[in-house]
Amino acid sequence: MSSDNKVGAGSDHWGRDGLGQAILDALAAAGKDLDALTIDDLAPMDHFHGGGKESTVRLAKLANLTPGLRVLDVGGGFGGPARTLAVEFGCNVTVIDLTESYVQTARELTTRLGLTRQVTHQVGNALELPFDDGQFDVVWTQNSGMNIADKESLYAGMHRVLRPGGLLALGEPMAGPSQPPMFPLMWAVDATTNFLRTPGEMRALIEATGFEMRAWNDVTPQPAPPQTATPIAASPTIWIADIVMGDSIDAIAQASSLNHIEGRIVNMQGVFARA
């Protein structure tokens, strides 16, 4: 998850100094060999988005990614998805994220895994993509647009940097049939920085930008009873959220569970082709 936006919460909302070292310390405490890390070792720490690595792999298969593709990951956070696309699908990935501490951490982890020839990271705004027209085969984004109000400009920019026939692969929380959502959310403490739209609205918006839908799947997890951070934190899949969000994780976890139980938020994955 990234905090890329110009009108929502600032890029420092979940920015933290020393994240790279905190991640390495947590991995060492879990018994991982820091000199021989794999993407699976890192997965609990560098997939800062709903569904973790499993969600990333599912979306990559949905998009039928193949070796050699030039991928732009918009709002790529700590780089877990990008490194997964490089190692498991053979892609060459450029990652852009607005939060400087995330980009620095991502570079450190990519270097440690020896993937700097396939994966690069830079600071940048999703609404002002600093790339040439038609530069990429795939634009990839997971959980990066929730607090971006100007979604029309967001997808227009993605359309611009794709070659004709290139693919947009996205995974996003969206507004469910019951509204409004309960707060706090992972990306917003209140309604002023939450800009979710319904799946129908999102699909229409993306198609109006010049894309043709190839896949549009509801992947909302089965709702579970509300939980506090204590049992969640015992699972390695939540380590990075615990590190970044600290004491806020309790309220966020409970609201997230209720939002899914009550149909206030749904999770969608889609693949669109640039017309």
- Task: For the range 137-208 and the range 53-93, compute the distance between their C-alpha centroids and round to whole Å.
- Result: 18
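With the cut-off at 1.5 for a/c, could you classify the range 103-215 from its C-alpha gyration tensor as rounded, prolate or oblate?
Working: a/c = 2.17, a/b = 1.26, b/c = 1.72.
It is oblate, given that a/c is not under 1.5 and a/b is not larger than b/c.
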- Just check the range 38-118 against the gyration tensor rule for me: Cα atoms, a ≥ b ≥ c as the square roots of the eigenvalues, rounded for a/c under 1.5, and otherwise prolate or oblate depending on whether a/b exceeds b/c. rounded
- Item | Residue-wise HN-Hα coupling along the range 113-127, computed from phi with Karplus coefficients 6.51, -1.76, 1.60 (Hz; x: Gly, Pro) | 8, x, 10, 5, 7, 10, 10, 10, 10, 8, 7, x, 9, 4, 8
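Taking the chain, how many lysine pairs are there with alpha carbons less than 26 Å apart, if each pair must be eight or more places apart or span two chains?
On the way: LYS6/LYS151; LYS32/LYS53; LYS53/LYS61; LYS53/LYS151; LYS61/LYS151.
Lysine pairs meeting the criterion: 5.
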- Message: Within 10 Å, at most 16 other Cβ atoms, and a DSSP state outside H, G, I, E, B define an exposed site. Report the longest part of the chain free of exposed GluC sites (Glu not before Pro).
- Response: 129-261
- Item | Calculated [θ] (222 nm, deg cm²/dmol) that DSSP helices of n ≥ 4 give over the chain, each run adding -39,500 (n - 2.57) | -10500 deg cm²/dmol
- In the chain, what percentage of the DSSP-assigned beta bridges are antiparallel, given to the nearest 5? 45
- Once a ≥ b ≥ c are taken as the square roots of the eigenvalues of the Cα gyration tensor of the chain, is the result rounded (a/c under 1.5), prolate (a/b larger than b/c) or oblate (a/b not larger than b/c)? oblate
- Query: ASP190 to LYS61: FRET efficiency via 1/(1 + (r/R0)^6), r the Cβ-Cβ distance, R0 30 Å, to the nearest 0.05?
  - Reply: 0.25
- Query: In nm, to one decimal, how far is the ALA29 label point from the ASP250 one, both placed 7 Å along Cα→Cβ?
  - Reply: 1.8
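FYI, it's all coordinate maths here, none of it is from the lab. Treat the numbers as computed from the prediction; the structure is a model and nothing was measured. Glycine also receives a Cβ, built like all others from the backbone with ideal geometry; neighbour counts cover every protein chain displayed.
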